[in-house]
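Asks: Pasting in a structure now, in structure tokens, and then I'll have a few things to ask.
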Amino acid sequence: MALFKTVTTPFTNQPTMPAEPLSPVLPEKPPFQGGRPTATLIQNGTIVTVEGTQKADLLVIGETIAALSKKFNIKGLPPNTKVLDATGCYVFPGGIDPHTHMEMPFMGTQSSDDFEAGTRAALIGGTTTILDFAMQDANHSLLETLAQWESKAQKAVCDYGFHMAVTHFDPATSPLEMATLVKDRGITSFKVFMAYKQALMVGDDALLAILDEATKHRATVLAHCEHGDMIDYLVQKAKSQGRLTADYHAKTRPTLVEAEATGRFTDLAYLTNANIYIVHLSCKDALDRVRQAMARGQQLNVETCIQYLLLSDALYEQETPFDAAKWVFSPPLRAYEDQVALWQGVKQGLIKTVATDHCPFCMSQKAMGQDDFSLIPNGMPGVENRFELLYSEGVEAGKITLEEFVALTSTNAAKIFGMHPKKGTLTVGADADMVVFNPNVKHQIFAATHHMNCDYSAFEGWPVTGKVQTVLRRGEWVVHEGQCVVARGSGNFLARTVTNA
Ligand code: URP
Ligand code: ZN
Ligand code: ZN
């Protein structure tokens, strides 16, 4: 049964749920084999990049895009060229999700998607590259942390890079390690947490040191902006009053908490002249702090996530109160007015990327906080849904253009994080990462049919217009008509460069 409960908004006319899920149409053809042909010709599609939209054919040879043309003469193509008829479909650059947490140890457990399952789900949903967070713990150096994440990601099936999360700054070793990571290891972005006190949070002294060090190497610093001490104060207060239900997660993380940290982060970056990127911005108050920073000429990049654009804090009021745990993540869901502000921020170009913060936990894991909201592991699944949801609720709903869709799902992340033009566009010489997308197929999201290793969906029953039909990852047909055939470990690590984007 479709369980989605939401407020009706002018942005979304859902959910008018059919009683039963749409039944899948089973093709009467041999199963999809996958693999990388010598060459692929994508014919009759509509190619979309940030520069514009055109009807054209696209030729892939090996792992890269070889040519674009109004029409190719088949006779001139390499022997055994595989032809894909994309009539009626868009051809988009493969999605890039710049914010995921695969098999991340967190809050006494580990996110439930490993690099294989999570990146397979990513491919099925049209995302061919992820940037995941390598999380330093108290006992390991940055280079040791990188080795741990390199080892976990051996089984990835989409391409991937890492941001390095610095959770303690040691003046004796961290500067040297940061320099090595940027210059020799292709890790050109560092992450700080201003929340999760006693766990991941760094104080302002460490934050300043990290910003200063990153500036020396033109690396980017990403921040989770919430004021950890404010949260701790509110959580302890709620608990002392016996308020322990899941909805108190959101009540103890109001927008003020996020706005304060966002403003402080931009101030510290202004002082140190650092390149910064604000992850998962969720509310108008925080966006206003970004506007203030920009008004003084500061350049910075902002990400939101698909859940903040589509879902509201009404979801914390559930008939079965612990169901609210499905949406326990940080920052929490906000008011409808915040969704409006975020869409405006997107449209104004203030928000450059729409990510997922994919960090799934099954309900058995969420149950760790059954009697105390502060113990519910923070995070939700989303990597499979972002691309189709943003198309449906953004392009199809008339809120963004096709070109903006490509910028938000792929190109901007590639530019900001030093992967462009290898990734994030459809140009000759680029990696042949692309999504053939049928805008006319209507379907719904269900946990029972998604591929993420999570027993619930944050978007259960959500109606979607538009579907990923075929995905090429570096020229290899990895997804076709709902099937994914790809070898474990075939994803490549992306060594990134510093950038001025
Ligand atoms: O709740 C969240 N967002 N979990 C993942 C870790 C983080 O804060 O990004
Ligand atoms: Zn975060
Ligand atoms: Zn995150």
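The values are calculated or read from the model by the stated rules, or taken from the named source; none is laboratory data. Keep in mind the model is a prediction, meaning the values are calculated, not measured. Note that we place each Cβ from the backbone using ideal geometry, even for glycine, and neighbour counts take in every protein chain shown. Note: accessible area is taken over every heavy atom of the protein model, side chains too, but ligands, DNA and RNA are not part of it. Shrake-Rupley method; radii C 1.70, N 1.55, O 1.52, S 1.80 Å.
Asks: Quick check on region 327-347. Is at least one of its residues more than 17 Å from HIS280 (Cα to Cα) and not in a helix (DSSP H, G or I)?
Replies: no
Asks: Next question, about the same structure. Between PHE405, PHE373, PHE361, which is touching a residue at least 40 places away in the same chain (Cβ under 8 Å), within 16 Å of ligand 1 (Cβ to nearest atom) and in contact with a Leu (Cβ under 8 Å, 6 or more places away or on another chain)?
Replies: Working: PHE405 fails: within 16 Å of ligand 1 (Cβ to nearest atom); PHE361 fails: in contact with a Leu (Cβ under 8 Å, 6 or more places away or on another chain).
Every option except PHE373 fails the conditions.
Asks: Can you tell me which residues in region 146-160 are open to solvent by 10 Å² or more (accessible area, probe 1.4 Å), in contact (Cβ under 8 Å) with a residue 60 or more places away in the chain and assigned to a helix (DSSP H, G or I)?
Replies: Within region 146-160, GLU150, GLN154, LYS155 meet the criteria.
Asks: Please give the number of the condition PHE329 fails out of (1) surrounded by fewer than 22 Cβ atoms within 10 Å (Cβ to Cβ); (2) closer than 29 Å to SER410 by Cα.
Replies: Failing condition for PHE329: (1).
Asks: Something else: If you go through region 324-352 one residue at a time, how many are within 16 Å of ligand 3 (Cβ to nearest atom) and not hydrophobic (A, V, I, L, M, F, W, C)?
Replies: Selection size over region 324-352: 3.
Asks: If you scan region 38-57, which residues turn out to be among the hydrophobic types (A, V, I, L, M, F, W, C) and either touching a Phe, Trp or Tyr at 6+ places or on another chain (Cβ under 9 Å) or closer than 17 Å to THR409 by Cβ (or both)?
Replies: LEU41, ILE47, VAL48, VAL50
Asks: Name, by its number, the condition in (1) aliphatic (A, V, I, L, M); (2) within 30 Å of GLN483 (Cβ to Cβ); (3) away from ligand 2 (no atom under 15 Å from the Cβ) that does not hold for ALA355.
Replies: (3)
Asks: Test of understanding: among GLY466, GLY491, which residue is surrounded by 21 or more Cβ atoms within 10 Å (Cβ to Cβ), touching a strand residue (DSSP E or B) at 6+ places or on another chain (Cβ under 7 Å) and in a loop (DSSP other than H, G, I, E, B)?
Replies: Every option except GLY491 fails the conditions.
Asks: Do any strands (runs of 3 or more DSSP E) entirely within region 88-145 hold 3 or more residues that are more than 15 Å from the chain's Cα centre (by Cα) and either touching a residue at least 60 places away in the same chain (Cβ under 8 Å) or within 16 Å of ligand 3 (Cβ to nearest atom) (or both), and if so, which?
Replies: Filter on region 88-145 gives 90-93.
Asks: A further question on this structure: Among the residues of region 416-438, is there at least one that is buried (at least 22 other Cβ atoms within 10 Å of the Cβ) and part of a helix (DSSP H, G or I)?
Replies: Checking region 416-438: at least one residue is buried (at least 22 other Cβ atoms within 10 Å of the Cβ) and part of a helix (DSSP H, G or I).
Asks: Answer with yes or no whether ALA195 is within 16 Å of ligand 3 (Cβ to nearest atom), aliphatic (A, V, I, L, M) and surrounded by fewer than 24 Cβ atoms within 10 Å (Cβ to Cβ).
Replies: no
Asks: So which residues in region 167-192 are within 16 Å of ligand 2 (Cβ to nearest atom) and either open to solvent by 10 Å² or more (accessible area, probe 1.4 Å) or more than 20 Å from the chain's Cα centre (by Cα) (or both), if there are any at all?
Replies: The one that is within 16 Å of ligand 2 (Cβ to nearest atom) and either open to solvent by 10 Å² or more (accessible area, probe 1.4 Å) or more than 20 Å from the chain's Cα centre (by Cα) (or both): THR167.
Asks: With respect to the numbered conditions (1) away from ligand 3 (no atom under 16 Å from the Cβ); (2) modelled with pLDDT of 95 or more; (3) on the phi > 0 side of the Ramachandran plot, which one is the sole condition not fulfilled by HIS280?
Replies: All conditions pass for HIS280, except number (1).
Asks: Kindly check whether there is at least one residue in region 309-318 that is within 16 Å of ligand 3 (Cβ to nearest atom), within 19 Å of MET368 (Cα to Cα) and in contact (Cβ under 8 Å) with a residue 12 or more places away in the chain.
Replies: Within region 309-318, not a single residue is within 16 Å of ligand 3 (Cβ to nearest atom), within 19 Å of MET368 (Cα to Cα) and in contact (Cβ under 8 Å) with a residue 12 or more places away in the chain.
Asks: Go through region 258-275 and give me each residue that's farther than 17 Å from SER312 by Cα, of a type outside the set (Phe, Trp, Tyr) and within 16 Å of ligand 3 (Cβ to nearest atom).
Replies: Result: ALA261, THR262.
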